[in-house]
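Trainee: Questions regarding the structure given below will be posed in turn.
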Amino acid sequence: MMLLSDTSTQWLEIPDAVHAQSWQQSQFISIPGNRWQAYLNQICLQTVLPWLHEKSTIEPIVDSMDSLAFWEIINGSAIVLGTTRLIFIPTEAMDKGEFRVPQEWIDIPSWVGDYYLAVEVDPDEKCLNIWGYATHQMLKSEGYYDAGDRTYSLDGNDIIQDLTVFWVMQQLSGEVTRAFIPPLVALNSSQAESLIQQLGERAIALPRLEIPFLQWGALLEQNRWLEQLCQLRQSRVNATSPANLSQWWQNVFEAGWQAIEDLFAPQPNLAFNFRQGESTQAQVRRGKQIQLGEQLPAVLLVMILETEADQRTRIWVQIHPQSGETYLPANLKLEQLSMSGEVLQSVEAGDASNYIQLRRFKSSPGAQFRLQVAIADTFTYEDFIV
């Protein structure tokens with residue numbers, strides 16, 4: 001039983017140290033959307049834990065993975081107070097029109113909670129608001145299931161928004177909080193290993209939607225397999241070293257970067273459409289084949305470097321279809337990102353685009369940037385240091 005001295009507090013201040021540390025640590029996640037989700041979860045957990053320590057006589061215990069690699073794929077955290085399991089679901093949205101919970105927290109038997117708390121995080125104001133809650137029983141029996149993003153949701157007016165009720169219910173026994181969830185069919189080790197290797201590919205932005213839920217849930221229910229998946233995805237991101245553009249001037253190129261003439265063979269006269277501007281003393285042209293998945297044709301990433309009088313490097317970037325293809329896949333996107341994940345510029349292919357290009361930009365020695373090529377939920381990227 002939890003004994004709490006104050007049951008009315010809903011707004012919590014995010015400490016400056018938590019805000020700064022969460023932001024810094026989240027930058028190791030390559031996908032901007034996943035990075036933001038991990039950032040919000042880190043802030044939520046690190047802010048809520050001290051609050052529970054202060055308000056409860058029972059030690060709160062984190063009962064889920066609390067790593068950035070976990071939050072990259074699943075939104076939410078589990079905290080146990082005695083025999084009560086709490087699931088905190090953070091969002092940045094200001095709209096309290098609905099409360100949306102990932103299916104994993106509802107339909108994986110070992111993940112099920114008693115109470116699900118809706119948390120609104122406001123990073124700019126450095127505060128969060130625990131604005132309501134629902135039981136597992138409510139979400140499972142009354143919630144709307146969206147197969148598109150695999151979530152259960154309740155209308156904001158249907159969840160309990162008075163936290164005083166929540167704390168009172170903790171001191172009373174007998175409330176039915178959980179619906180029955182049938183066990184998932186277990187995977188064997190061979191099946192699990194195959195799925196881990198498949199879902200560990202960095203080009204898969206949303207592994208939770210990549211395979212049927214029964215397989216996905218069975219994989220996550222075993223902690224060792226969940227940890228292996230998180231570690232593999234993180235290791236494949238960390239294994240990517242930036243291309244060192246300063247070495248390109250010495251004709252030292254990373255694997256895969258080819259001369260333009262070789263890359264476009266047997267069509268050497270294919271127009272690159274780079275604006276030539278004023279003449280410069282030196283120029284390097286290189287390209288690389290980019291594969292976005294088995295179902296899509298490869299594309300060609302082309303770069304031209306020129307030196308400036310002030311030691312900066314002028315950079316052109318284009319995407320072309322590979323030899324034999326006339327047009328790029330529709331909606332293919334090319335983006336320049338900062339290493340913190342900020343989108344600096346972006347361009348998208350139309351229905352009949354034979355190339356796309358970013359605006360020419362300049363970078364100083366030592367500066368870093370990322371080029372990301374994406375379509376739908378599939379992406380790949382290349383990192384560079386000037």
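The values are calculated or read from the model by the stated rules, or taken from the named source; none is laboratory data. Fair warning: this is a prediction, and the values are worked out from it, not measured in the lab. When we count neighbours, we look across all protein chains shown, and the Cβ atoms used for this are built from the backbone with ideal geometry, even at glycine.
Trainee: Answer yes or no: is there a residue in the stretch 117-132 that is in contact with a Lys or Arg (Cβ under 8 Å, 6 or more places away or on another chain), of a type in the set (D, E, K, R) and closer than 16 Å to Cys44 by Cβ.
Mentor: Scanning the stretch 117-132 turns up at least one residue that is in contact with a Lys or Arg (Cβ under 8 Å, 6 or more places away or on another chain), of a type in the set (D, E, K, R) and closer than 16 Å to Cys44 by Cβ.
Trainee: Taking the stretch 314-345 on its own, how many of its residues are closer than 13 Å to Phe369 by Cβ and either among the polar types (S, T, N, Q) or not assigned by TED's automatic domain parsing to the domain that holds Pro297 (or both)?
Mentor: Of the residues in the stretch 314-345, 4 are closer than 13 Å to Phe369 by Cβ and either among the polar types (S, T, N, Q) or not assigned by TED's automatic domain parsing to the domain that holds Pro297 (or both).
Trainee: Every residue in the stretch 198-227 that is among the small types (Gly, Ala, Ser), modelled with pLDDT of 95 or more and more than 16 Å from Phe70 (Cβ to Cβ), please.
Mentor: Step one: list which residues in the stretch 198-227 are among the small types (Gly, Ala, Ser), which gives 200, 203, 205, 217-218.
Now drop any that are not modelled with pLDDT of 95 or more, which leaves 217-218.
Across the stretch 198-227, the qualifying residue is only Ala218.
Trainee: Tally up the residues in the stretch 105-122 that are crowded, with 22+ Cβ neighbours inside 10 Å and within 24 Å of Ile204 (Cα to Cα), please.
Mentor: 3
Trainee: Pairs please, first residue from the stretch 135-164 and more than 16 Å from Glu120 (Cβ to Cβ), second anywhere and of a type in the set (Gly, Ala, Ser) and in a strand (DSSP E or B), Cβ atoms under 8 Å, 6+ apart in sequence or on different chains.
Mentor: Short answer, once both residue conditions are applied: Gly143/Ala134; Gly143/Ser153; Tyr144/Ser153; Asp146/Ser153; Asp158/Ala134.
Trainee: Scan the stretch 333-362 residue by residue and report those that are at pLDDT below 90 and surrounded by 16 or more Cβ atoms within 10 Å (Cβ to Cβ).
Mentor: Within the stretch 333-362, Leu337, Gly341, Ser353 meet the criteria.
Trainee: If you don't mind, there's one more thing I want to ask. Can Leu154 be described as on the phi < 0 side of the Ramachandran plot and either assigned to a helix (DSSP H, G or I) or crowded, with 22+ Cβ neighbours inside 10 Å (or both)? Show your work before the answer.
Mentor: Working: on the phi < 0 side of the Ramachandran plot: yes; either assigned to a helix (DSSP H, G or I) or crowded, with 22+ Cβ neighbours inside 10 Å (or both): no.
So Leu154 does not fit the description; no.
Trainee: Something else now. Answer yes or no as to whether Gly287 is at pLDDT 90 or above and among the small types (Gly, Ala, Ser).
Mentor: Numbers: at pLDDT 90 or above: yes; among the small types (Gly, Ala, Ser): yes.
So Gly287 fits the description; yes.
Trainee: Exactly one of these conditions fails for Ser110: (1) hydroxyl-bearing (Ser, Thr, Tyr); (2) touching a Leu at 6+ places or on another chain (Cβ under 7 Å); (3) in a helix (DSSP H, G or I). Give me its number.
Mentor: (2)
Trainee: Working carefully through the options Ile58, Ile29, find the one that is modelled with pLDDT of 80 or more, among the hydrophobic types (A, V, I, L, M, F, W, C) and surrounded by 14 or more Cβ atoms within 10 Å (Cβ to Cβ). Let's see the steps before the verdict.
Mentor: Values: Ile29 fails: modelled with pLDDT of 80 or more.
None of the others qualify; the one that does is Ile58.
Trainee: Now for a different question. Taking Leu45, is it buried (at least 21 other Cβ atoms within 10 Å of the Cβ) and either of a type in the set (Ser, Thr, Tyr) or not in a loop (DSSP other than H, G, I, E, B) (or both)?
Mentor: Working: buried (at least 21 other Cβ atoms within 10 Å of the Cβ): yes; either of a type in the set (Ser, Thr, Tyr) or not in a loop (DSSP other than H, G, I, E, B) (or both): yes.
For Leu45, the condition - buried (at least 21 other Cβ atoms within 10 Å of the Cβ) and either of a type in the set (Ser, Thr, Tyr) or not in a loop (DSSP other than H, G, I, E, B) (or both) - is met.
Trainee: Can we say Gln311 is part of a loop (DSSP other than H, G, I, E, B) and either among the polar types (S, T, N, Q) or modelled with pLDDT under 85 (or both)?
Mentor: On the way: part of a loop (DSSP other than H, G, I, E, B): yes; either among the polar types (S, T, N, Q) or modelled with pLDDT under 85 (or both): yes.
For Gln311, the condition - part of a loop (DSSP other than H, G, I, E, B) and either among the polar types (S, T, N, Q) or modelled with pLDDT under 85 (or both) - is met.
Trainee: Test each condition in (1) within 21 Å of the chain's Cα centre (by Cα); (2) in a strand (DSSP E or B) for Lys362 and report the one that comes out false.
Mentor: Failed condition: (1).
Trainee: Can you pull out the residues in the stretch 320-350 that are among the polar types (S, T, N, Q) and in a loop (DSSP other than H, G, I, E, B)? Don't jump to the end; show me each part of the working.
Mentor: Within the stretch 320-350, the first condition is being among the polar types (S, T, N, Q), and the residues that meet it are 322-323, 326, 331, 336, 338, 340, 345-346.
Listed by number, the residues that qualify are Gln322, Ser323, Thr326, Asn331, Ser338, Ser340.
Trainee: Starting from the stretch 64-79, keep only residues that are within 16 Å of Thr91 (Cβ to Cβ), then list their pairs with residues that are aromatic (Phe, Trp, Tyr) and crowded, with 21+ Cβ neighbours inside 10 Å whose Cβ atoms are within a distance under 6 Å, requiring at least 6 positions of separation or different chains.
Mentor: Short answer, once both residue conditions are applied: Gly76/Trp105; Ser77/Phe88.
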